[in-house]
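Each remark here refers to the structure printed beneath this line.
The values are calculated or read from the model by the stated rules, or taken from the named source; none is laboratory data. No experiment lies behind these values; they were computed from the predicted model shown. Here the Cβ is made from the backbone with ideal geometry for all residues, glycine too, and neighbour counts use every protein chain on show. These area figures cover heavy atoms from the full protein model, side chains too; ligands, DNA and RNA do not enter into them. Shrake-Rupley method; radii C 1.70, N 1.55, O 1.52, S 1.80 Å.
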Amino acid sequence: MRFLVMVKATEESEAGVLPSEELLTEMGNYNDELVKAGLLLAAEGLHPSSKGARVQFSGNKRTVIDGPFAETKELIAGFWVIQVKSKEEAIEWVKRVPNPTGDVGQIEIRQVFEASDFGEALTPELREQEERQGAEISRQQSRGC
């Protein structure tokens, strides 16, 4: 099972305040534990929403909305993708995360869909397409693209 673990943004992260050396060290050590356990698939911090954009869809119309975005509590400041055996295991790992804010904060855990979750809607052709895309992504990453 794969889980997306999302660190919620704060006023500080949205203002572009970078983590301290101490927090970066603690997070690096935590990431080392995930790597040693064979669980870490990805981990990244995100720039503030002022450097981002949203694309709003309405039928065939697309509208671009530049950041910053007002609802800080709905924004993500960083994430991990981990592969574990259960939601309970994901929760146990997240409980070990160094507090990213040093104060009150929140980390959200969401399971990632697997191909088998889609049942018959994922036809053999769609499954083949997904496998082909995965192989191409791996090829590109091994070349450093």
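Rounded to the nearest 0.05, what FRET efficiency do Lys85 and Ile137 have when you use their Cβ-Cβ distance and R0 = 22 Å?
Approximately 0.35, to the nearest 0.05.
Where is the GNM fluctuation largest for the chain (alpha-carbon springs, 10 angstrom cutoff): Glu88, Glu22, Glu125?
Of Glu88, Glu22, Glu125, the Gaussian network model singles out Glu125 as fluctuating most.
For Ala115 and Glu22, what does the FRET efficiency come to when R0 = 41 Å and r is the distance between their Cβ atoms, rounded to the nearest 0.05?
Computed FRET efficiency for Ala115 and Glu22: 0.50.
Taking Cα extents along the principal axes in Å as the quantity of interest, determine which of (1) 48, 44, 33; (2) 55, 34, 24; (3) 49, 37, 28 was computed from the displayed structure.
Calculated Cα extents along the principal axes in Å: the matching label is (1).
With a cut-off of at most 16 other beta carbons within 10 Å, and DSSP calling the residue loop, which GluC sites (Glu not before Pro) in segment 42-84 qualify? Please list them.
Taking segment 42-84 and a limit of 16 other Cβ atoms within 10 Å, the loop GluC sites (Glu not before Pro) found are Glu71.
Summing -39500 (n - 2.57) over the DSSP H runs of n ≥ 4 in the chain and dividing by its residue number, what mean residue ellipticity at 222 nm do you reach, to the nearest 500 deg cm²/dmol?
Calculated at 222 nm, the ellipticity per residue is -10500 deg cm²/dmol.
Looking at segment 1-141 only, what percent of DSSP beta bridges run antiparallel? Nearest 5 please.
100 percent
Once amide H atoms are placed 1.01 Å from N in the peptide plane, what residues at a sequence separation of 5 or more from Leu41, or on another chain, have their amide H within under 5 Å of its amide H?
Answer set, sorted by chain and number: Val81, Ile82, Gln83.
Please give me the summed charge of the neighbours of Met1: other residues whose Cβ is under 9 Å from its Cβ, Lys and Arg +1, Asp and Glu -1.
Net local charge, Met1 excluded: +1.
For Glu11 and Ile65, FRET efficiency with R0 = 22 Å and r from the beta-carbon atoms, rounded to 0.05?
Efficiency, rounded to the nearest 0.05: 0.60.
State the extension gain, in nm to one decimal, for the chain segment bounded by Glu108 and Glu44, taking 0.36 nm per residue of separation less the distance between their alpha-carbons.
Contour length minus Cα-Cα distance gives 21.6 nm.
Could you sort Val104, Val94 by accessible area so the largest value comes first, with the probe set to 1.4 Å?
Ranked list, largest accessible area first: Val104, Val94.
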